[in-house]
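The values are calculated or read from the model by the stated rules, or taken from the named source; none is laboratory data. A quick note: this is a predicted structure, and the numbers were derived from the prediction, not measured. Reconstructed Cβ throughout: ideal geometry from the backbone, glycine too, with neighbour counts over all protein chains shown.
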Amino acid sequence: MGVSYYTCANCSHNFPDCGDYFSCDCGENFCSDECGERETSEVYCKDDEEDVEVQSCSICRGDVVPDDKLMEFMLQKYNVSKEDITKEYKESTKQNEQAV
């Protein structure tokens, strides 16, 4: 039995699966309940005729938008590619280093 490490979807802290952490029903992992803003609710399922606990986090509820989703949105909105932005960033960094 081994130990796996995850990166928190909120704060990017790395944590092992052998300690306390929160794994949301949506698939995101968080270093703590607080970091994922864990909420538990009960949903009635007609098939099983019993209540089921459902977990949610700040990401699946839409309270927080991950950086990669924001980046995808901005690239589409301004109709540029990741490669173009990367090239522009590298050129800007090179110019800043030469100015110093």
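Remarks
- Applying the condition of being touching a Phe, Trp or Tyr at 6+ places or on another chain (Cβ under 7 Å) and at pLDDT 75 or above to the range 35-54 and asking which residue is surrounded by the most Cβ atoms within 10 Å (Cβ to Cβ) yields GLY36.
- Selection status of VAL3, hydrophobic (A, V, I, L, M, F, W, C) and surrounded by 12 or more Cβ atoms within 10 Å (Cβ to Cβ): no
- Residue identified as at pLDDT 90 or above and in contact with an Asp or Glu (Cβ under 6 Å, 6 or more places away or on another chain) among ILE59, ILE85: ILE59
- Wholly within the range 15-100, helices (runs of 4 or more DSSP H) carrying at least 1 residues that are over 30 Å from VAL3 (Cα atoms) and of a type outside the set (Ser, Thr, Tyr): 67-77, 82-99
- Subset of the range 1-42 [within 23 Å of LEU70 (Cβ to Cβ) and among the aromatic types (Phe, Trp, Tyr)]: TYR6, PHE22, PHE30
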